[in-house]
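The values are calculated or read from the model by the stated rules, or taken from the named source; none is laboratory data. If you're wondering where the values come from, they're calculated on a predicted model, not measured in any experiment. Cβ coordinates were reconstructed from backbone atoms using ideal geometry, including for glycine residues, and neighbour counts include every protein chain displayed. With ligands, DNA and RNA removed, areas are computed over all heavy atoms of the protein, side chains included. Shrake-Rupley method; radii C 1.70, N 1.55, O 1.52, S 1.80 Å.
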Amino acid sequence: MPHTETVPLGVRVSSDIEHRPDRPSPYRARVRWFDRVSKRRKSLSAARDTHDEAEEWVTDILKAAQAGIAPNVATMSLAEYGTTTMDLALRGLELKTLDPYLAGWRRRVVPALGHFPVRMITNGAVDRTVHGWIAEEQSRSTVKNSLAVLVRVMEQAVRDGLITINPARVTGWQREYKQAEDELDNPRALALPDWPTLLRLAQALVDRSHDHYRGWEEVVVFAAATAARIGEVSGVRVADIDTRTWIWIWTVRRQTTPAPGGLTDKNTKGKRARQVPLIEEIRPLVAERLLAAGPNPDARLFTGPRSGRISTAVLRDATHWDEVVTSLGHEHLRRHDLSPGSPTPASPPTSSARSPGTAPCSPPSATYAPAGRDHQPRPRPHQPRSPARPRTPPLDHARATGPHPVPGKDGKAVPDFSDTACDLRKHS
């Protein structure tokens, strides 16, 4: 990072304009000031074609000096200014946000606008640059990240007094993007057609993975049945699953996301917890994972082959996701064809495909609440409970046997929200 001289407030700056007729730009404007720290006289100069342009340059430098801005900073190009102030401009951002912002700065902002002085960047220049990115078929998220970092740098220029209005705050550019008609009008168009199709996909991913790791099937089925992001599935802990009430609830409290140094846990995308009902088809799976995780409330339900966190990239690479979905005829589920930024509803029928493992489908006899209407459970008589915990049958057994009633204490069938799940309630 280059060293930048700063002029303290109140320091006197002198100026002069010299006419040199033998030069292409004959008017040289110069400002000089005394640096009390180094005890040296500093100067900065620029060549201009006319006397008026030279006077305008001197006036701008004097105004910047009155605001405490070094003359060399006042004349910096956008690329130089961004290099000098980037840490300050991006303060407060999460670590995982820095990578796409800095990539957008290096690969798009600097090549397009980096040679302009900060004070010469206008709304029109930014607007034409953004539409140029769109014409190059850059994705919506790429343009958004590139524009966001430019907005922050120019906002820092406003605070520094270089400019008065942030020219990077352009609007309306997202209307240039048109979503696919089927996805816009019918969110279910990209979903898997039925439950058996999901199971075939999950099994194919296991078969393609190294050592046929069964955990990938569990991750994909759980994510599809809950319409959850893969990072939220990775963040599930034992304490997040409520099996004590007659309707099973998963409280989504965290997600696993990439960050500098590796994967890390953070708050959900909406910065708030939400509750998702667990439909009957995946309760045997959840029960099996609860028993395998043990009594530790902070234990993860879903992990990779080495008991580590999982992410979209981990699942994609381990299962050869793109190859598998293409071979099964689900080309629209390839990682780079999925719809980014879609909301995460609590019921599968209202979700569109987003990432590996989140291809929603409609399980048979699904008992979730319809979209847009809260599900109100019916009250049930209180039943005494005991610390006993029955053994949970594996997922394959539940597939083979099909729906069956949950036995009660007296051996008779007990009315329950689930026909296939293992009863984890405590009996006395």
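Sort segment 28-124 into rounded, prolate or oblate with this rule: let a ≥ b ≥ c be the square roots of the eigenvalues of the Cα gyration tensor; rounded if a/c is under 1.5, and if a/c is not under 1.5, prolate when a/b is larger than b/c, oblate otherwise.
The shape class here is oblate.
Considering only Cα-Cα distances, which of the following residue pairs are longer than 29 Å: Lys63/Lys144; Lys42/Lys96; Lys63/Lys96; Lys144/Lys271?
Lys63/Lys144; Lys42/Lys96; Lys63/Lys96
Students often check this: by mean Cβ neighbours within 10 Å, which of 211-219, 146-154 ranks highest, and how do the rest follow?
Taking the mean over residues of other Cβ atoms within 10 Å, the ranking is 146-154, 211-219.
Which FRET efficiency, nearest 0.05, do Asp35 and Leu328 yield, Cβ-Cβ r, R0 56 Å?
The calculated FRET efficiency here is 0.20.
Any chance you could look up the accessible area of Asp322 with a 1.4 Å probe, heavy atoms only, rounded to 10 Å²?
Ignoring ligands and nucleic acids, Asp322 comes out at about 50 Å².
When ligands, DNA and RNA are left out and all protein chains stay put, how many square angstrom of accessible area per residue does segment 79-232 have with a 1.4 Å probe?
Value for segment 79-232: 50 Å² per residue.
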